[in-house]
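Participant: Before I ask anything, let me first share the structure, which is written out below as C-alpha cells.
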Amino acid sequence: MSRRIRSGGRTCATYVRARSWGKHDPSFTVAGAVAYGEDVPEAEVHLLDAGHFALDEAAPQIADLIRRFFAVRVSGTRRSAE
C-alpha cells in the first residue's frame, strides 16, 4: 500500500490516504482538492457540504468515511514500507 518517490534528492514512501474537504472552505478551495487528487491519484478525496471546519460540521459523515476507508484499505496486519 505504499510506493517510493524521490523528492529533493531523498527517497520517501507515500501511503494511500483519505482526505475530507469542505467544498465551501474559502482557504482550501475545491480546485485545491481536485489538484490534490490529481497529484496523489491513489488518495481518496471526498468533497463535503461543509466549510473550513469540516470535522465540526460533518463529523458523522467523516467518521463513516474513515470507517469505510479502514475496512476497505487496511488489513488486520501492519505492513512496512517496501
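Participant: Could you check the stretch 55-80 and list, in sequence order, the residues that are part of a helix (DSSP H, G or I), hydrophobic (A, V, I, L, M, F, W, C) and either at pLDDT 90 or above or closer than 14 Å to V45 by Cα (or both)?
Facilitator: Correct list: L55, A59, I62, A63, L65, I66, F69.
Participant: Select from the stretch 8-32 the residues that are among the aliphatic types (A, V, I, L, M) and at pLDDT 90 or above and write down the one among them that is nearest to A50 (Cα to Cα).
Facilitator: Restricting to residues being among the aliphatic types (A, V, I, L, M) and at pLDDT 90 or above, the top hit is V30.
Participant: Turning to a different aspect of this structure: For the subset of the stretch 21-45 comprising residues that are among the hydroxyl-bearing types (S, T, Y) and outside any helix (DSSP H, G or I), which member is surrounded by the fewest Cβ atoms within 10 Å (Cβ to Cβ)?
Facilitator: S27
The values are calculated or read from the model by the stated rules, or taken from the named source; none is laboratory data. Bear in mind the structure is a predicted one, so any value in this text is a computation, not a measurement. In this analysis, Cβ positions are derived from the backbone assuming ideal geometry, glycine residues included, and neighbour counts consider all displayed protein chains.
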